[in-house]
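The values are calculated or read from the model by the stated rules, or taken from the named source; none is laboratory data. Just so it is clear, the structure is predicted and the values come from calculations on it, not from any experiment. Glycine gets a Cβ as well: all are built from the backbone with ideal geometry, and neighbour counts include every protein chain shown.
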Amino acid sequence: MTFTGASGKLMALRPDVTLSIVKNAADDGRLKKLYYNETVYRPDGFEFKERMQVGLECIGAIDVTLTSEVLMLAQQSLEVLGKPTRLDISHMGFIAGLLNNEVLTEEQRTQILQLVSEKNLPELRKFCQKYALSSNFGTSLATLTTLYGSYKSVAKQLEHMCINDATETARHELEALYHVLSTQGVLEINLDFSMVNDLSYYSGIIFQGYIDGIPTKILSGGRYDKLMRKFGKRSDAIGFAVYLDLLERHSQTDDFINIALPKGRLGEKAYNIFEKAGYGCPAIYEDSRKLVFESPENGVRYFWVKPSDVPIYVQRGAADIGVAGKDILLEYAPEVYELLDFDIGKCRMCVAAEKGFAPDQLGRTLRVATKFPNIARSYYEKQGRDIDIIGLNGSIELAPILGLSDVIVDLVETGQTLLENDLEPFETIVDISARLIANKVSYKFNYDAISKLCQKISTCL
Ligand code: PRP
């Protein structure tokens with residue numbers, strides 16, 4: 001974004017420093033090691049945020065030794081605070097190789113990348129079924145999505161995912177890197193293939209760094225030869241950035257799994273599933289207005305929160321996991337893992353209107369009343385239809401009756417509310433149910449406890 005400042009100078013808000021470095025670096029084949037300390041402006045959910053960023057770029061002929069040097073510097077950067085850290089690696093060659101093995105539309109590729117990054121196995125399965133994708137592809141995607149651990153512990157499964165040259169090359173590169181890193185004594189790096197960065201920017205190894213108690217990634221980087229080619233440069237490149245201002249978000253951690261439950265009937269049903277799986281907390285039945293309940297024996301702490309706030313608690317790390325309706329997840333698009341479908345709280349997100357309403361004969365912008373403006377906007381955007389959103393907080397069915405809107409986008413469970421108000425559903429946008437979500441960083445630091453909990457819960461669903 002560029003604009004003229006008060007002094008008449010041309011100013012710019014940069015989304016990225018790497019782009020300027022790539023543009024200005026001489027492509028003379030000589031190795032360059034560069035660093036910067038800058039403020040950048042990045043999309044964050046539905047808005048832009050200012051970020052203080054320190055980064056390094058290594059440009060030239062990048063081999064495995066240079067890659068390991070960059071990774072070790074990343075790890076040392078994380079360790080400066082003296083807190084427990086994680087540095088996780090992925091290789092874009094796996095997801096790119098898998099996607100190129102199937103005939104997929106651009107939209108399908110985008111959806112798959114999104115589901116992989118959410119570790120959303122239930123939706124991935126449905127997706128493969130819906131588009132009749134091969135079972136081999138489905139299995140490889142499932143492995144890619146769920147695999148998490150050291151190179152040694154996942155090496156065997158990686159072999160099964162090698163279905164073409166691209167995936168085979170990726171595996172060899174990871175193997176070579178693992179050997180160099182282990183000779184340097186760096187063994188604590190995990191592989192996580194659900195980290196998928198921009199495929200048009202990154203080409204090989206990518207990595208992310210985390211510090212215990214900070215709810216988001218604090219360091220991110222990778223090999224970006226593809227970006228170099230876009231600028232017509234022959235050199236390879238690898239680099240990373242550390243997001244300094246995120247260090248302030250540090251919070252206390254303890255041995256409990258913190259669980260955000262949606263207040264109300266859905267939360268009670270969800271709690272019953274946790275209890276059945278061995279995560280009971282009898283104090284929760286106390287007749288009180290308390291909002292926090294602990295069971296030290298079972299290592300869990302429950303919070304009752306407003307249903308639409310569950311993703312906020314989880315994304316910001318106040319809760320490690322939580323139960324949220326798919327409607328809330330689609331509306332707020334939180335940066336979380338979506339691990340299980342609880343198969344409760346089932347309903348549909350629908351377009352409804354007065355009986356006989358014909359949207360195509362309207363001849364003007366469609367007026368849509370809803371509590372879910374983002375879901376409604378994205379649904380009509382895909383149809384190429386211009387709409388006027390009327391944001392309401394409840395009793396949505398009133399809007400078409402009083403002539404406030406032409407249609408509503410709302411949840412339909414039994415259909416009784418529509419029926420009693422002479423409205424009818426005429427399109428289903430998406431099926432809804434409650435999902436188990438997890439903070440991406442808590443998941444990594446509490447991997448054993450959270451994956452055990454998921455396993456136990458799966459058997460109760
Ligand atoms: C939800 C939804 C519908 C109704 C659908 O409203 O917004 O109005 O339930 O249920 P049904 O198909 O079983 O009739 P909610 O009860 O959350 O109240 P609200 O009107 O305040 O949003």
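Brief remarks on what is shown
- Any hit, segment 391-406, residues being surrounded by 15 or more Cβ atoms within 10 Å (Cβ to Cβ), touching a residue at least 60 places away in the same chain (Cβ under 8 Å) and within 16 Å of the ligand (Cβ to nearest atom): no
- Leading residue by the ranking (surrounded by the most Cβ atoms within 10 Å (Cβ to Cβ)) among those in segment 407-421 that are in contact (Cβ under 8 Å) with a residue 24 or more places away in the chain and near the ligand (Cβ under 6 Å from one of its atoms): Asp410
Here's the yes/no breakdown for (1) within 29 Å of the chain's Cα centre (by Cα); (2) surrounded by 14 or more Cβ atoms within 10 Å (Cβ to Cβ); (3) of a type in the set (Phe, Trp, Tyr):
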residue	(1), (2), (3)
Asn37	yes, no, no
Leu56	yes, yes, no
Asp63	no, no, no
Thr67	yes, yes, no
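- Test for Tyr302: is it under 30 Å from Gln75 (Cα atoms), under 24 Å from the mean Cα position of the chain (by Cα) and aromatic (Phe, Trp, Tyr): no
Table: residues versus (1) closer than 30 Å to Arg377 by Cβ; (2) modelled with pLDDT under 95; (3) crowded, with 18+ Cβ neighbours inside 10 Å.
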| site | (1), (2), (3) |
| --- | --- |
| Pro84 | no, yes, no |
| Asp88 | no, no, yes |
| Leu98 | no, yes, yes |
| Leu104 | yes, yes, no |
| Thr110 | yes, yes, no |
| Leu115 | yes, no, yes |
| Asn120 | yes, no, yes |
| Ser135 | no, yes, no |
| Leu144 | no, yes, yes |
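- Number of residues in segment 300-347 that are under 17 Å from Asn120 (Cα atoms) and of a type in the set (Lys, Arg) equals 1.
- The residues of segment 423-445 that are surrounded by fewer than 23 Cβ atoms within 10 Å (Cβ to Cβ) and not in a helix (DSSP H, G or I), listed by number, are Glu424, Pro425, Phe426, Glu427, Thr428, Ile429, Val430, Asp431, Ile432, Ser433.
- Scanning segment 246-288 for residues that are charged (D, E, K, R) and exposed (fewer than 13 other Cβ atoms within 10 Å of the Cβ), we see that the one that is nearest to Leu199 (Cα to Cα) is Glu248.
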